[in-house]
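Structure record follows, encoded as structure tokens.
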Amino acid sequence: MPYQPATKDSYRLFHQGTLALSRMEAVGMPINLPKMQANREEVALKIREGEAKLRKHEVYKTQQKIFGKETSLGSRDQLAYVLFQHMKLKGAKKTKNGKYKLDDEALRVLNLDYADDFLALQKLSKLKGTYLDALCTLAVNGRVHGSMNLHKVKSFRGSAEDPNLNNLPSRNKVVTRYVKGGICPPEGWYIVESDYSALEVFASCFYHHDPTLMAYLESGYDMHTEIAKQCFLYDDDFIAANKPLTKELRTESKSCATFSWLYGSSYPEVAQRLWKVALKKDMLPHYASKGIKRLGLEYDEAEGRYVATHGPDALVTHIKAVEYDFWNVRFPVYGQWRHDWYRAYQQKGYFHTLTGFGWYGVERKTFINNSPIQGVAFHCLLQSIIDIQSEIARRKMKATPFLEIHDSLLSLVPAGEVHDYVAMSNEIMTSKLRAKWPWICLDLKTEVELSPISWADKESYDPNKAY
């Protein structure tokens, strides 16, 4: 195996971690089955409505003419043939054997009503089939006992299956309501979620010690707003006049630019994502007022990919300059660490994480730079789970953790124990963990939300409120 514990401490972490996760599996995730079944029926109705809408569209009628009785509304292969072979739309991606590849990104880039509706329908189908159907089917006496693993992800993170509780939807509020709205605590109990703030960004600092990024994290400086201002070319006056819009642009920039760069994306990919955001948010006139009038990416049929066509009026040129500033001006120490870490791996053929795990073998650069950070971030949560369970047992509390999701821990806590549990778990996840692992060079931060109704109804914890 190319990834494995390389020290006694790392073996001990996974040994104790396996026991801790097995206890959480035994507790199970609390489900309000009637509510979840009602949500499933509502989504099923939306799927039928979405299918009827697609069948009225000219694209689907063309698909029927071409494929006849073999027509399948949900077939990406058939849709790709209609869009790229028949309609001659640009942006086709192909597999190595020359077959059209229609992934979500290709659908979004098309900016076609049918493509957007098709993608929305597929998301609803996944919501029902992957989540609602699975949770309803697997619920036993009001609990879903999924499997949580430590041996299946080569970046040293945990994983979940039967069902994948690590991957429950959270970005779309409507979709989240359908799933998490049916995850409810017993009467007289709370679901308490303790979430590490920007854990992987903190974990990266444990390796590179970039002084600027560390100062941002320690002070709470909002780098995402500043990077959004760079990407979308607006200033504080624009923010004052467009607060709701700029709040949305900050969120989009955080995902499409900041974290994309941190995880290894380059400026053409980032520019393409931001252009899509600009289309959706009607920001193209603003870009034009700044001299940017085109994306600057053209699809090269021969190479089967998008190629940058630079110029002062191209967004791709502007984003290239922002990326240079990101790595060479804003975070140069982090940028140099990425280069040095990968060069050391090339020379040795392996790397070890701060928690003592080793990876041996051949892998792409983005994996080599990201996996030690992702692994150590998860190990911070795993060690905290172990210690929280131990402290619960020592204090003879009734609270019980039941689910981990990479950087957050969910627990069932009875009324009357909430304040004690939150104080105890926060201390373990922050100051006590840093004392245990001296290479943690920053004070970790947590956010706590809770609800007596459902996971979807969680609100920020208030230390002055009676629970």
Of the conditions (1) within 24 Å of Glu427 (Cα to Cα); (2) more than 24 Å from the chain's Cα centre (by Cα), Thr355 clears all except one; give me its number. (2)
For region 259-269, how many residues meet the condition of being outside any loop (DSSP other than H, G, I, E, B) and either surrounded by 16 or more Cβ atoms within 10 Å (Cβ to Cβ) or in contact with a Cys (Cβ under 9 Å, 6 or more places away or on another chain) (or both)? 6
Using the structure shown, decide if Phe67 is buried (at least 18 other Cβ atoms within 10 Å of the Cβ), hydrophobic (A, V, I, L, M, F, W, C) and without any contact (Cβ under 8 Å) to a residue 40 or more places away in the chain. no
Could you check region 307-406 for strands (runs of 3 or more DSSP E) lying wholly inside it with 2 or more residues that are over 30 Å from Gly28 (Cβ atoms) and open to solvent by 60 Å² or more (accessible area, probe 1.4 Å)? 350-352
Scan (1) open to solvent by 20 Å² or more (accessible area, probe 1.4 Å); (2) within 17 Å of Ser22 (Cα to Cα) for the single condition Pro163 breaks and write down its number. (1)
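Considering only region 93-110, state which residues are in a loop (DSSP other than H, G, I, E, B) and open to solvent by 80 Å² or more (accessible area, probe 1.4 Å). Outline the logic, then answer.
Residues of region 93-110 that are in a loop (DSSP other than H, G, I, E, B), as a first pass: 95-99, 102-103.
Residues satisfying the conditions are Lys96, Asn97, Lys99.
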So, in region 1-25, of the ones that are open to solvent by less than 70 Å² (accessible area, probe 1.4 Å) and not in a helix (DSSP H, G or I), which residue ends up farthest from Lys152 (Cα to Cα)? Thr7
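In region 72-86, which residues are open to solvent by 40 Å² or more (accessible area, probe 1.4 Å) and in contact with a helix residue (DSSP H, G or I) (Cβ under 8 Å, 6 or more places away or on another chain)? Walk me through how you get there before you give the answer.
Restricting attention to region 72-86, the residues satisfying the condition of being open to solvent by 40 Å² or more (accessible area, probe 1.4 Å) are 72, 74, 76-77, 81, 85-86.
Within region 72-86, Ser72, Gly74, Tyr81, His86 qualify.
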Check whether at least one residue in region 112-133 is more than 20 Å from the chain's Cα centre (by Cα), assigned to a loop (DSSP other than H, G, I, E, B) and exposed (fewer than 14 other Cβ atoms within 10 Å of the Cβ), and report yes or no. no
Being in contact (Cβ under 8 Å) with a residue 60 or more places away in the chain and part of a loop (DSSP other than H, G, I, E, B) narrows it down to one residue among Lys152, Lys90; which is it? Lys90
Going by the structure shown, is Leu73 touching a Leu at 6+ places or on another chain (Cβ under 7 Å) and in a loop (DSSP other than H, G, I, E, B)? yes
Across region 243-258, which residue is farthest from Glu105 (Cα to Cα) among those that are open to solvent by 50 Å² or more (accessible area, probe 1.4 Å) and of a type outside the set (Lys, Arg)? Pro244
Within region 26-39, how many residues are part of a helix (DSSP H, G or I) and crowded, with 21+ Cβ neighbours inside 10 Å? 2
Quick one: count up the residues across region 173-202 that are under 16 Å from the mean Cα position of the chain (by Cα), under 15 Å from Asp457 (Cα atoms) and open to solvent by less than 30 Å² (accessible area, probe 1.4 Å). 1
Any residue in region 116-127 that is more than 19 Å from Glu41 (Cβ to Cβ) sitting within a Cβ distance under 8 Å of a residue that is assigned to a helix (DSSP H, G or I) and open to solvent by 40 Å² or more (accessible area, probe 1.4 Å)? List the pairs, counting only those 6 or more apart or interchain. Asp116/Arg108; Asp117/Lys53; Leu119/Asp104; Leu119/Arg108
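The values are calculated or read from the model by the stated rules, or taken from the named source; none is laboratory data. Everything numeric in this text was worked out from a predicted model, so none of it was measured. Counting neighbours? That spans all protein chains shown, and the Cβs are built from the backbone with ideal geometry, glycine included. Ligands, DNA and RNA are excluded from the accessible area calculation, which covers all protein heavy atoms including side chains. Shrake-Rupley method; radii C 1.70, N 1.55, O 1.52, S 1.80 Å.
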